[in-house]
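Asker: The structure follows.
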Amino acid sequence: MPLLDVQDLTIEYGTARGAVTALDEVSLQVEAGEFLGIVGESGCGKSTLLFGVAQLLSPPAAVTGGSVRFDGRELVGASVRDLNALRWSRISVVMQSAMNALSPVKTVGSQYRDVLRAHRYDGDWPSRSREVLELVGVDPVHLSSYPHQLSGGMRQRAMIAMALLFTPDLILMDEPTSALDVVAQRSLMVQIKELQRELGFAVVFVTHDMSLVSHFSDRLVVMYGGQIAETGPTRAVFDTPRHPYSAGLLDAFPSIRGSRVRLTGIPGAPPDLASPPPGCRFAPRCPSSSDICAEGRPPLYRIDPVQVRCVLHAPKEVSA
Ligand code: ADP
Ligand code: MG
């Protein structure tokens, strides 16, 4: 049984223009101790997915279909009380901007204390707080600092430390390094990976930067327009991106060690989810599209070890 099992999760935002399906039947599994990377351009539904998994959606967003099972328990429709019992202690979330997630008017230490108290931590809270800050490489003197007194990188580390207070089984991270410069990004990634090896938690890591997760994630989910475009072991997706969108995303970021090449990127813009294209959502931007792409919605085809939503990879029909 996977630690996290998401099946056909569908999430809609109610808007003046009607319902926007921001997440369309997304299924994924995360094993204990695994690192799953979720990549895709801004607006493709990454945060919606993460908030849906954590059951942190608020109106106008709502889950309209599917299930989220954590350690065998259904979270969709679970009571606030049951969800609160899991938060921090078994599942924690690190948001995109620590500036928004940490309270500006409280010291780091008092925010840790609030979390520990709310979950009836029975140990010595100051020493646990010092311990987690040390784990992420921040001097524990900063327990008495306010968030604005820390650098961007230190704030993100302080957020990650807060997520570690109870050593959860699963940490959901929404672009936790996107506010940092490239050097700070790399060092934070290395640190997250080391902590994961040491403490054994699973990570779901959301980013728009495919090269950032390439060295760190076991498996990848490439999202486009609220759907999974391609998923599989990171190496398999990287070595042979089968979906034209995955290939485009890979070309859009410089490789850290590779030779200098011209970055091509992907022309055009992601679909308007209020009125997505009728067939394949990527077809209007796809260099390989043909007439059939506009016809039906392609399913996820299984081509071991990956799955890809593109008719180029439909199994060939065997003629009699
Ligand atoms: P990402 O995190 O990949 O940038 P989001 O999950 O934030 O994407 O958003 C996915 C899509 O959901 C957006 O493209 C938009 O269509 C829709 N969406 C997000 N937030 C709202 C909202 N508050 N109201 C209406 N639609 C929204
Ligand atoms: Mg987002």
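The values are calculated or read from the model by the stated rules, or taken from the named source; none is laboratory data. These figures come from a predicted structure and were not determined experimentally. Don't worry about glycine lacking a Cβ; one is built from the backbone with ideal geometry, like all the others, and counts go over all protein chains shown. To get the accessible areas, we keep the full protein, side chains included, count just its heavy atoms, and leave off ligands, DNA and RNA. Shrake-Rupley method; radii C 1.70, N 1.55, O 1.52, S 1.80 Å.
Asker: So which residues in segment 267-299 are buried (at least 18 other Cβ atoms within 10 Å of the Cβ) and either within 22 Å of the chain's Cα centre (by Cα) or acidic (Asp, Glu) (or both), if there are any at all?
Answerer: If the condition is that a residue be buried (at least 18 other Cβ atoms within 10 Å of the Cβ) and either within 22 Å of the chain's Cα centre (by Cα) or acidic (Asp, Glu) (or both), then PRO270, PRO271, LEU273, ARG281, PHE282 are the ones that fit.
Asker: Still on this model: For segment 266-302, which positions are of a type in the set (Ser, Thr, Tyr) and over 18 Å from GLY45 (Cα atoms)? So that I can check it myself, show each step before the final result.
Answerer: Narrowing segment 266-302 to residues of a type in the set (Ser, Thr, Tyr): 275, 288-290, 301.
Within segment 266-302, SER288, SER289, SER290, TYR301 qualify.
Asker: Another question about this same structure. Just a yes or no: is a residue in segment 147-164 in a helix (DSSP H, G or I), within 28 Å of GLY45 (Cα to Cα) and open to solvent by 50 Å² or more (accessible area, probe 1.4 Å)? Steps first, answer last, please.
Answerer: So in segment 147-164, the residues in a helix (DSSP H, G or I) come out as 147-149, 152-163.
Applying the additional criterion that residues be within 28 Å of GLY45 (Cα to Cα) yields 152-163.
Still in the list and also open to solvent by 50 Å² or more (accessible area, probe 1.4 Å): 154.
Within segment 147-164, one or more residues are in a helix (DSSP H, G or I), within 28 Å of GLY45 (Cα to Cα) and open to solvent by 50 Å² or more (accessible area, probe 1.4 Å).
Asker: For residues that are open to solvent by less than 80 Å² (accessible area, probe 1.4 Å), part of a helix (DSSP H, G or I) and among the polar types (S, T, N, Q), tally how many sit in segment 122-145.
Answerer: Count: 2.
Asker: What number of residues within segment 40-82 are in contact with a helix residue (DSSP H, G or I) (Cβ under 7 Å, 6 or more places away or on another chain), more than 16 Å from ligand 2 (Cβ to nearest atom) and among the small types (Gly, Ala, Ser)?
Answerer: Residues that pass the stated criteria total 0.
Asker: So is LEU36 under 18 Å from ALA163 (Cβ atoms), open to solvent by less than 60 Å² (accessible area, probe 1.4 Å), within 16 Å of ligand 1 (Cβ to nearest atom) and in contact with a strand residue (DSSP E or B) (Cβ under 8 Å, 6 or more places away or on another chain) or not? It would help to see each step written out before you state the result.
Answerer: Numbers: under 18 Å from ALA163 (Cβ atoms): yes; open to solvent by less than 60 Å² (accessible area, probe 1.4 Å): yes; within 16 Å of ligand 1 (Cβ to nearest atom): yes; in contact with a strand residue (DSSP E or B) (Cβ under 8 Å, 6 or more places away or on another chain): yes.
Yes, satisfied.
Asker: Within segment 73-121, count every residue that is within 16 Å of ligand 1 (Cβ to nearest atom), outside any helix (DSSP H, G or I) and open to solvent by less than 70 Å² (accessible area, probe 1.4 Å). Give the steps one after another, and end with the answer.
Answerer: Step one: of segment 73-121, the residues within 16 Å of ligand 1 (Cβ to nearest atom) are 93-97, 100-101.
After this cut, where a residue has to be outside any helix (DSSP H, G or I) as well, the list is 93-97.
Retained after the next criterion (residues that are open to solvent by less than 70 Å² (accessible area, probe 1.4 Å)): 93-95, 97.
The qualifying residues number 4.
Asker: Any residue in segment 192-221 that's within 16 Å of ligand 2 (Cβ to nearest atom): show its pairings with residues that are of a type in the set (Phe, Trp, Tyr) and open to solvent by 10 Å² or more (accessible area, probe 1.4 Å) at Cβ separation under 7 Å, as long as the two are six or more apart or on different chains.
Answerer: ASP209/PHE253; MET210/PHE253
Asker: For segment 9-39, which residues satisfy the criterion of being touching a Lys or Arg at 6+ places or on another chain (Cβ under 6 Å) and either acidic (Asp, Glu) or within 14 Å of ligand 2 (Cβ to nearest atom) (or both)?
Answerer: Initial filter on segment 9-39 (touching a Lys or Arg at 6+ places or on another chain (Cβ under 6 Å)): 36, 38.
Residue satisfying the conditions is ILE38 alone.
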